[in-house]
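Every read-out reported here was derived from the displayed coordinates using simple, explicitly stated rules and does not represent laboratory data. For clarity, every value in this text was computed on a predicted model and none was experimentally measured. Cβ atoms come from the backbone with ideal geometry, glycine included; neighbour counts cover every protein chain shown.
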Ligand SMILES: [Zn+2]
């Protein structure tokens, strides 16, 4: 083996609290961050089921005042962040304040952006803080601390240091990125995911699997996240079908929630690849939800990178699927890819871009807008022509 110098950094939430039913700890945990909490809620169902009211009660029991901000039901857009950061700023946020984000990746990313915009007031719009689209402003003040309480198992946004913000006019999907928006506390209660519908469980679960695989294979792959990715995949590959078809399975829900958390830690440190690069463009131009877009692209992303990452993919195949050490690397890699394709089919993920609304004339736009930071982690360098050909073959 050739020698490669070891040099890395690793970031993760300061505290991770994980366990069935542990949402009751939200008050005591929030109390360690402040006395007044702005609460971001990711779905009306969380209000209807009484969970948000309960969270307010648990906060109050620990002398934490709560202010419920608007509920959003879509991936956050520039206008959502700007409207809500105006609301937060009017409360004159400062020391002693915190954000509590409750919901899926969209709500958690919105919370991170609001935590930053609450204390960084050089611009009224978050656009100026996004990568490559605004004035390129940096955060100068520390964001408000954030407690993230995910209610889906997939994006791992409770453990990442970017907030993905969309715009449709002009079209872009870009990140606000800063290590200080990483949630201080990630509180995971897998019981909250029991009520997530099967299609969302499938798409978000495949997003986690995509994040684990892409971060493991990334050009920016790091040693600690690689070890965590193997653990995440060991849990998620057997559990995702059970979570989709038997929604109340505690074992499956715990496995998927833990795997999703690990996938967030992995991507925050190691970057991603082609599936996530294209998924951003599919979100902007075809309004495909993030998890579904990643899931549709995952098999193609593995095939694209199989030559340049044969050793790593073979290693995963041996570790995860028990493929014999005597099998050729080609066979081991093919077994891994076929396993992922089988999983996608078993949880109802479409195989063709046409099935998720992509039209042939959109391919040039998709190619152009796939070139974000995710794509920069893709192991194989892809020309525009090569990417266009991959997408055309998937129509
Ligand atoms: Zn993702």
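What FRET efficiency would be calculated for the residue pair residue 86, residue 20, taking the C-beta separation as r and a Förster radius of 35 Å, to the nearest 0.05?
0.40
Which angle between 0 and 90 degrees, to the nearest 10, do you get for helix 384-393 versus the longest principal axis of the chain when only C-alpha atoms count?
80 degrees
Mind grabbing the base-10 log of I(q)/I(0) for the range 5-150 at q = 0.12, 0.14 Å⁻¹? Debye formula, identical points on the C-alpha positions, no solvent, two decimal places.
Values, matching the q order: -0.50, -0.67.
Suppose we look only past 21 Å in the calculated P(r) of the range 328-395. What percent of the Cα-Cα pairs does that tail hold?
Summing the P(r) tail past 21 Å for the range 328-395 gives 44 percent.
Multiplying the sequence separation of residue 371 and residue 338 by 0.36 nm and subtracting their Cα-Cα distance, what value in nm do you get?
That works out to 9.2 nm of additional length.
Mind pulling the angle between the C-alpha long axis of helix 198-217 and the longest principal axis of the chain? Nearest 10 degrees, somewhere in 0 to 90.
That works out to roughly 70 degrees.
On C-alpha positions alone, give me the angle between the axis of helix 329-346 and the longest principal axis of the chain, in degrees, nearest 10.
The helix 329-346 is inclined about 50 degrees to the chain.
What share of all Cα pairs of the range 2-81, in percent, falls into each consecutive 5 Å distance bin?
Spelled out per bin, shortest first, that is 3, 12, 18, 18, 17, 13, 6, 4, 4, 4, 2, 1.
Can you compute the equivalent ellipsoid semi-axes for the range 262-395, i.e. the square root of 5 times each eigenvalue of the Cα gyration tensor, sorted largest first and rounded to whole Å? Please report the intermediate quantities before stating the final value.
Details: eigenvalues 131, 51, 42 Å².
Equivalent ellipsoid semi-axes, largest first: 26, 16, 15 Å.
Semi-axes of the chain's equivalent ellipsoid from the Cα gyration tensor, sqrt of 5 times each eigenvalue, largest first, rounded to whole Å?
33, 24, 20
Taking the DSSP beta bridges in the chain as the whole, what percent of them are antiparallel, to the nearest 5?
25 percent
What is the ratio of the Cα radius of gyration of the range 65-222 to 2.2 N^0.38 Å, with N the residue count, to two decimals?
1.03
Could you check the simple spin-label distance between residue 131 and residue 392, using points 7 Å along Cα→Cβ, in nm with one decimal?
Reported label-point gap for residue 131 and residue 392 is 2.9 nm.
State whether the range 203-281 is rounded, prolate or oblate according to the following rule on the C-alpha gyration tensor (a ≥ b ≥ c being the square roots of its eigenvalues): a/c under 1.5 gives rounded; otherwise a/b larger than b/c gives prolate, and the remaining case gives oblate.
Oblate shape, in that a/c is at least 1.5 and b/c is the bigger or equal ratio.
Using label points projected 7 Å from each Cα along Cα→Cβ, tell me how many nm separate residue 122 and residue 307, to one decimal.
4.4 nm
With each pseudo-label sitting 7 Å past Cα toward Cβ, what's the residue 65-residue 346 distance in nm, one decimal?
Between residue 65 and residue 346, the label points sit 5.1 nm apart.
Once every DSSP H run of n ≥ 4 in the chain is given -39500 (n - 2.57) and the sum is divided by its residues, what mean residue ellipticity at 222 nm do you get, rounded to the nearest 500 deg cm²/dmol? Walk me through the numbers on the way to the answer.
Details: 14 runs with 189 residues, N = 395.
Mean residue ellipticity at 222 nm (helix-derived): -15500 deg cm²/dmol.
Determine how many Å³ per residue the convex hull of the Cα atoms of the range 153-312 encloses.
Working: hull volume 18.4 nm³, N = 160.
Normalising the Cα hull of the range 153-312 by residue number yields 115 Å³.
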